[in-house]
Amino acid sequence: MAGSSVQQAADPSPAPRPTGRDRYFDTLRAVALIRVVTYHSFGWAWAGMVFPSMGVMFALAGTLMAKSLERPAPKVIRGRLRRLLPPFWFWGFFVVVAMLIHGWMPGWQIIYWVVPLGDPPGNAWGEQAWEILWYLRTYLWFVLLSPLLLRLFRLAPVPVLLLSSAPILVVHFASEPPDNRFGSALTDLATFLFCWILGFAHREGVLRRLKPFAVAALSLAAVAYGGWYAFTHQAETGSYDLDDIPLAQAFWSAGYVTLLMYAKDHFGIDFARLTRFPRLDRLVTIFNARAVTVYLWHEIALILAVPLIDQFWNVPAFETYLPLESQWFMFGIGWILIAGFVLLCGWVEDVAGKKKPRLLPGGRTATL
């Protein structure tokens with residue numbers, strides 16, 4: 001069965017490639033961002049198993065990168081940097097200034113606040129804000145490596161896809177990376193390499209040519225191994241949280257995201273009917289057009305929600321009628337603040353994308 005799948009994947013007959021926006025993928029990205037905010041609000045260890053957001057986001061980014069690399073690679077990389085760095089600089093200015101006010105003394109590593117090829121430094125006061133930057137750093141490295149990775153993938157699509165799960169095994173069992181910026185970057189790249197290459201496989205039409213049984217069997221085996229490893233190694237981390245166990249994260253995400261991507265190809269899922277629900281469709285559009293803004297500012301919103309709710313206790317009516325002690329209430333206030341940051345700061349993504357800055361994307365919204 002596997003041999004037949006490989007033979008089909010290697011079939012040189014052209015396959016139709018998806019074009020334009022895909023509401024299925026747009027919806028997955030929106031759900032991934034909501035799950036990230038939810039996890040950072042409640043800290044539920046099981047959230048990553050219900051929906052492995054980071055694996056989904058890397059796979060979707062890999063798909064878009066493969067599509068973009070139909071154009072010259074230098075131009076594509078410059079475009080990705082232009083879209084990513086200005087929102088990062090805008091957000092980073094406020095974080096860096098706040099940390100300086102709170103006693104941070106930067107060294108030469110502050111260069112990573114210009115181009116985050118390594119984890120940008122900071123102090124403990126601002127850690128909750130800057131600790132999420134590992135995703136931008138990993139994404140940036142994948143972007144830089146993609147011309148080479150895509151070339152290798154096209155030489156032998158299925159073998160390269162399967163072998164892309166090997167680096168995390170090497171990192172985990174054979175050669176533990178150093179406990180520094182390089183080691184962190186290497187571990188994250190190894191953890192999500194399969195998902196990024198999986199995005200290539202979708203864009204190149206490889207997934208749709210694989211046999212359903214082979215895909216389902218391998219994907220469920222990967223999920224089972226990732227889940228087993230997470231639950232049997234809780235003693236090392238104190239939890240089965242996938243974010244704390246890279247090997248479990250890698251295999252759980254690989255299997256889960258493969259099923260999501262293959263289902264799209266095999267069943268022709270496009271969520272085109274989403275347009276029948278204008279408000280929901282608009283919300284998905286906003287999440288996708290403001291993905292970087294939501295990701296960067298959501299932790300600051302959650303941080304600010306705490307002192308804001310503290311002030312509510314000084315209003316007797318709020319103290320009596322509002323569930324100020326509820327984590328769900330803080331979650332709701334956090335989303336209100338995130339919406340505020342989207343309105344106030346989201347226009348930077350428009351400028352970075354060489355578009356007219358708008359308060360909100362899509363529909364009849366006011367320009368700035």
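Within the chain, which is the longest segment that contains none of the trypsin sites (Lys or Arg not before Pro) sitting in a DSSP loop with at most 15 other Cβ atoms within 10 Å?
Longest site-free region, per DSSP loop and neighbour criteria: 22-353.
If I model a spin label at VAL50 and ALA221 as a point 7 Å from the Cα along the Cα→Cβ vector, what separation in nanometres do I get?
3.0 nm
I'd like to know which of ALA263, LEU280, ALA250 lies farthest towards the positive end of the charge dipole of the range 220-283, counting +1 on Cβ of Lys and Arg and -1 on Cβ of Asp and Glu.
Projecting each Cα onto the dipole axis, the largest value belongs to LEU280.
Whole angstrom only: what separates the Cα centroid of the range 142-171 from the Cα centroid of the range 173-194?
The distance from the Cα centre of the range 142-171 to that of the range 173-194 comes to 15 Å.
Rounded, prolate or oblate: pick one for the range 48-162, where a ≥ b ≥ c are the square roots of the eigenvalues of its C-alpha gyration tensor, a/c under 1.5 means rounded, and failing that, prolate if a/b is larger than b/c, else oblate.
Because a/c hits 1.5 or more and a/b exceeds b/c, the range 48-162 counts as prolate.
As a test of the definition: which semi-axes, in Å, follow for the range 232-300 when you take the square root of five times each eigenvalue of its alpha carbon gyration tensor? Largest first, please.
Three semi-axes, in Å: 31, 21, 9.
Quick one, could you list the DSSP H helices from the chain stretching 20 Å or more along their long axis (Cα atoms) with average Kyte-Doolittle hydropathy of 1.0 or above?
Helix filter hits for the chain: 53-68, 134-155, 212-232, 291-312, 327-345.
So if R0 is 56 Å, what FRET efficiency would ARG71 and LEU100 give, r being the distance between their Cβ atoms, rounded to the nearest 0.05?
0.90
Any idea what log10 I(q)/I(0) is at q = 0.13, 0.15, 0.25, 0.28 Å⁻¹ for the range 81-143, Debye with uniform C-alpha scatterers and no solvent?
Scattering profile of the range 81-143, log10 relative to I(0): -0.31, -0.41, -1.12, -1.36.
P(r) for the chain: what percent of alpha-carbon pairs falls in each 20 Å bin, starting at zero?
P(r) over the chain, rounded to whole percents: 26, 59, 14, 0.
Which log10 I(q)/I(0) values, to two decimals, does the range 99-250 give at q = 0.12, 0.16 Å⁻¹ under the Debye formula with one point per Cα?
After summing over all Cα pairs, the log10 values are -0.63, -1.01.
When only C-alpha pairs under 8 Å and at least 6 residues apart count, what is the relative contact order of the chain, in percent?
24 percent
Tally Lys and Arg at +1 and Asp and Glu at -1 over the other residues with C-beta under 14 Å from the C-beta of MET330: what net charge comes out?
Once positives and negatives cancel, what remains is -3.
Sorting MET99, MET330 by accessible area (1.4 Å probe), largest first, what list results?
MET330, MET99
So how many Å³ per residue does the convex hull of the Cα atoms of the range 213-368 work out to?
Given the Cα convex hull of the range 213-368, per-residue volume reads 196 Å³.
Can you give the alpha-carbon Rg of the range 172-253 over 2.2 N^0.38 Å, where N counts its residues?
Compared with the compact-globule rule of thumb, the range 172-253 sits at 1.25.
For the chain, what is the charge dipole size about the Cα centre, in debye to the nearest 20, if Lys and Arg each add +1 at the Cβ and Asp and Glu each add -1 at the Cβ?
2160 debye
Say the dipole of the range 78-210 comes from +1 at the beta carbon of Lys and Arg and -1 at that of Asp and Glu; which of HIS172, PRO116, PHE182 then lies farthest toward its positive end?
Looking along the dipole axis, the top candidate is PRO116.
Tell me, what HN-Hα J-couplings in whole Hz come from the Karplus equation 6.51 cos²θ - 1.76 cosθ + 1.60 at θ = phi - 60° for each residue of the range 111-118, using x for Gly and Pro?
Result, rounded to whole Hz: 4, 6, 7, 8, 10, x, 6, x.
Taking the simple approach of a point 7 Å from Cα along Cα-to-Cβ for both THR232 and VAL351, what is their distance in nm?
Spacing of the two 7 Å Cα→Cβ label points: 5.3 nm.
Pop a pseudo-label 7 angstrom from the Cα along the beta-carbon direction at both PHE93 and ALA263 and give the gap in nm to one decimal.
4.3 nm
If you take every residue apart from GLY43 with its C-beta less than 12 Å away from the C-beta of GLY43, what net charge results, scoring Lys and Arg +1 and Asp and Glu -1?
Spelling it out: positives minus negatives among the neighbours equals -3.
What is the dipole size for the range 169-309, taken about its Cα centre, with +1 at each Lys and Arg Cβ and -1 at each Asp and Glu Cβ, in debye to the nearest 20?
Dipole about the Cα centre, nearest 20: 940 debye.
The values are calculated or read from the model by the stated rules, or taken from the named source; none is laboratory data. Values in this document were obtained by computation on a predicted structure and should not be read as measured data. Neighbour counts are summed over all protein chains in view; Cβ atoms, including those assigned to glycine, are modelled from backbone coordinates with ideal geometry. With ligands, DNA and RNA removed, areas are computed over all heavy atoms of the protein, side chains included. Shrake-Rupley method; radii C 1.70, N 1.55, O 1.52, S 1.80 Å.
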